[in-house]
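For reference, the structure is listed below as structure tokens.
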Amino acid sequence: MRRMTARPTSDHQARLLRLLRDGGPNSRAQLGDQVALSRSRLAVEVDRLLETGLVVADGLAASRGGRRSHNVRLAPSLRFLGVDIGATSVDVAVTNAELEILGHLAQPMDVREGPVAVFEQVLAMAAKLRASGLAEGFDGAGIGVPGPVRFPEGVPVAPPIMPGWDGFPVREALSQELGCPVMVDNDVNLMAMGEQHAGVARQARDFLCVKIGTGIGCGIVVGGEVHRGTTGSAGDIGHIRVEQDGRQCACGNKGCLEAHFSGAALARDAEAAARDGSSEELAARLEGAGRLSAADVAAAAAAGDTTCLDLIREGGNRTGQVIASLVSFFNPGLVVIGGGVTGLGHTLLAAVRTQVYRQSLPLATGNLPIVLGELGPTAGVIGGARLISDHLFSPA
């Protein structure tokens with residue numbers, strides 16, 4: 001497998017690469033307008049990128065009067081791998097340099113089976129994408145996992161729902177297997193980066209991205225960059241206490257938001273409602289399938305089941321209380337709600353909005369959109385490709 005052998009050697013080159021990634025092919029003249037370089041300096045930097053093979057000529061640009069400028073674009077042969085490992089599934093996608101998805105595979109997978117089994121699945125999916133002719137190899141890979149990650153080393157640290165993963169060298173192991181550079185981050189940070197690149201947060205510089213799935217986390221974007229904190233644990237809002245003497249959480253504490261409202265908590269509450277006779281719809285679904293999930297709650301709520309609507313509203317209220325505190329503290333320009341539980345849709349969104357708009361100060365909420373993510377299951381894989389391209393499109 002080949003590797004991307006060249007890297008930008010200056011901040012100007014790195015910025016040009018990111019502009020071409022985010023905006024597609026462009027003329028030298030327009031690039032010069034965006035990076036505020038003199039024509040001669042711009043020519044030097046672009047020529048150096050052309051020599052590396054990271055950038056290629058792409059014909060003549062439209063005339064702006066006088067001599068026509070030449071278009072340039074990122075090398076069409078570049079390929080990035082985005083991997084989004086969730087608690088119950090794995091998504092793997094290959095993208096081009098502009099982070100357009102060329103091929104995407106998804107498979108059910110229990111993260112509790114451990115890193116060896118999960119990565120065997122990831123590597124098999126990556127091999128299938130290569131064999132389909134989409135990529136000769138990968139120039140880099142971005143990996144998301146559903147737990148805290150010590151970002152500089154790419155190592156999970158005591159992840160509550162990932163037994164066997166603590167300290168596993170994800171970045172090093174996958175880099176050896178894939179034969180390319182690898183970056184690893186928490187899955188919600190990848191979701192935030194995906195929505196920022198191609199989703200609902202394209203115009204946002206300061207925003208929160210809350211992922212409600214098997215667990216709950218928050219991606220924090222400040223000035224267009226993900227804020228990870230000193231060690232990488234920023235945004236772990238699922239373990240903020242919402243009930244003083246509440247349920248036992250997987251993290252060892254009691255009363256965490258995640259213990260009261262997440263995909264796993266919602267499934268548990270739904271099964272209890274099915275068994276105690278408070279929801280005939282859930283009882284029928286449980287009898288048919290033997291177990292329930294958040295998707296069953298969403299379907300029953302859509303059919304008008306009042307018990308399910310109450311479960312969603314209660315969970316949305318608790319989540320909204322936590323987000324309201326974050327909004328008061330951070331003052332974001334946008335809040336994005338994503339993850340598997342967003343199948344609960346506008347009932348959930350309405351409950352979250354009500355709490356945030358009621359509890360946070362008017363100055364923070366006066367022009368604050370709280371919206372569902374646009375990208376669904378592709379947010380994480382696009383975010384993974386964005387993560388590794390940010391790394392590779394930085395000065396070596």
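The values are calculated or read from the model by the stated rules, or taken from the named source; none is laboratory data. None of the values given here were measured: they were computed from a predicted structure. Because the Cβ atoms are built from the backbone with ideal geometry, glycine has one as well, and the counts that use them run over all protein chains shown. Note: accessible area is taken over every heavy atom of the protein model, side chains too, but ligands, DNA and RNA are not part of it. Shrake-Rupley method; radii C 1.70, N 1.55, O 1.52, S 1.80 Å.
Residue 154 - would you say it is on the phi > 0 side of the Ramachandran plot and either of a type in the set (Asp, Glu) or under 17 Å from the mean Cα position of the chain (by Cα) (or both)?
Answer is yes for this residue.
Only one of 194, 199, 217, 232 is under 18 Å from residue 323 (Cβ atoms) and crowded, with 21+ Cβ neighbours inside 10 Å. Can you tell me which?
Values: 194 fails: under 18 Å from residue 323 (Cβ atoms); 199 fails: under 18 Å from residue 323 (Cβ atoms); 232 fails: under 18 Å from residue 323 (Cβ atoms).
Among 194, 199, 217, 232, only 217 is under 18 Å from residue 323 (Cβ atoms) and crowded, with 21+ Cβ neighbours inside 10 Å.
One line per residue, one yes/no per condition, for (1) in a helix (DSSP H, G or I); (2) in contact with an Asp or Glu (Cβ under 6 Å, 6 or more places away or on another chain); (3) farther than 17 Å from residue 219 by Cα:
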{"position": "364", "(1), (2), (3)": "yes, no, yes"}
{"position": "377", "(1), (2), (3)": "yes, yes, no"}
{"position": "381", "(1), (2), (3)": "yes, yes, no"}
{"position": "386", "(1), (2), (3)": "yes, no, no"}
{"position": "390", "(1), (2), (3)": "yes, no, no"}
{"position": "396", "(1), (2), (3)": "no, no, yes"}
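Scan region 326-346 for residues that are more than 18 Å from residue 376 (Cβ to Cβ) and without any contact (Cβ under 8 Å) to a residue 60 or more places away in the chain and jot them down.
First pass over region 326-346, keeping only residues more than 18 Å from residue 376 (Cβ to Cβ): 326-333.
Of everything in region 326-346, those that are more than 18 Å from residue 376 (Cβ to Cβ) and without any contact (Cβ under 8 Å) to a residue 60 or more places away in the chain turn out to be 328, 329.
Within region 122-144, track down each residue that is in contact with a helix residue (DSSP H, G or I) (Cβ under 9 Å, 6 or more places away or on another chain) and either surrounded by fewer than 20 Cβ atoms within 10 Å (Cβ to Cβ) or at pLDDT 95 or above (or both).
Within region 122-144, the subset in contact with a helix residue (DSSP H, G or I) (Cβ under 9 Å, 6 or more places away or on another chain) is 122-123, 126, 135-144.
122, 123, 126, 136, 137, 138, 139, 140, 141, 142, 143, 144 - these are the residues of region 122-144 that are in contact with a helix residue (DSSP H, G or I) (Cβ under 9 Å, 6 or more places away or on another chain) and either surrounded by fewer than 20 Cβ atoms within 10 Å (Cβ to Cβ) or at pLDDT 95 or above (or both).
Could you tell me which residue of region 148-167 is nearest to residue 390 (Cα to Cα), considering only residues that are of a type outside the set (A, V, I, L, M, F, W, C) and touching a residue at least 60 places away in the same chain (Cβ under 8 Å)? Taking the candidates together, the pick is 152. Has region 331-340 got any residue that is on the phi > 0 side of the Ramachandran plot and touching a strand residue (DSSP E or B) at 6+ places or on another chain (Cβ under 7 Å)? Yes, some residue in region 331-340 is on the phi > 0 side of the Ramachandran plot and touching a strand residue (DSSP E or B) at 6+ places or on another chain (Cβ under 7 Å).
Residues are listed down the side, and each one gets a yes or a no for (1) at pLDDT below 90; (2) acidic (Asp, Glu); (3) assigned to a strand (DSSP E or B):
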| site | (1), (2), (3) |
| --- | --- |
| 77 | no, no, no |
| 91 | no, yes, yes |
| 97 | no, no, no |
| 106 | no, no, yes |
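Pairs meeting the criteria (first residue in region 264-291 and more than 17 Å from residue 343 (Cα to Cα) and touching a residue at least 60 places away in the same chain (Cβ under 8 Å), second residue hydroxyl-bearing (Ser, Thr, Tyr) and exposed (fewer than 12 other Cβ atoms within 10 Å of the Cβ), beta carbons under 6 Å, at least 6 apart or on different chains) are lacking. Look at region 225-250: where a residue is under 22 Å from residue 205 (Cβ atoms) and a partner is assigned to a loop (DSSP other than H, G, I, E, B) and open to solvent by 70 Å² or more (accessible area, probe 1.4 Å), sitting 6+ places away or on another chain with Cβ atoms under 7 Å, you get 234/227. Taking residue 127 as the residue in question, decide whether it is over 27 Å from residue 227 (Cβ atoms) and of a type in the set (A, V, I, L, M, F, W, C). So residue 127 fits the description; yes. The residues of region 90-112 that are touching a residue at least 40 places away in the same chain (Cβ under 8 Å) and either open to solvent by 50 Å² or more (accessible area, probe 1.4 Å) or of a type in the set (Gly, Ala, Ser) (or both), listed by number, are 93, 97, 101, 104, 106, 112.
Consider residue 347 carefully, then state whether it is of a type in the set (Val, Ile, Thr), open to solvent by 30 Å² or more (accessible area, probe 1.4 Å) and assigned to a helix (DSSP H, G or I). Spelling it out, residue 347 is indeed of a type in the set (Val, Ile, Thr), open to solvent by 30 Å² or more (accessible area, probe 1.4 Å) and assigned to a helix (DSSP H, G or I).
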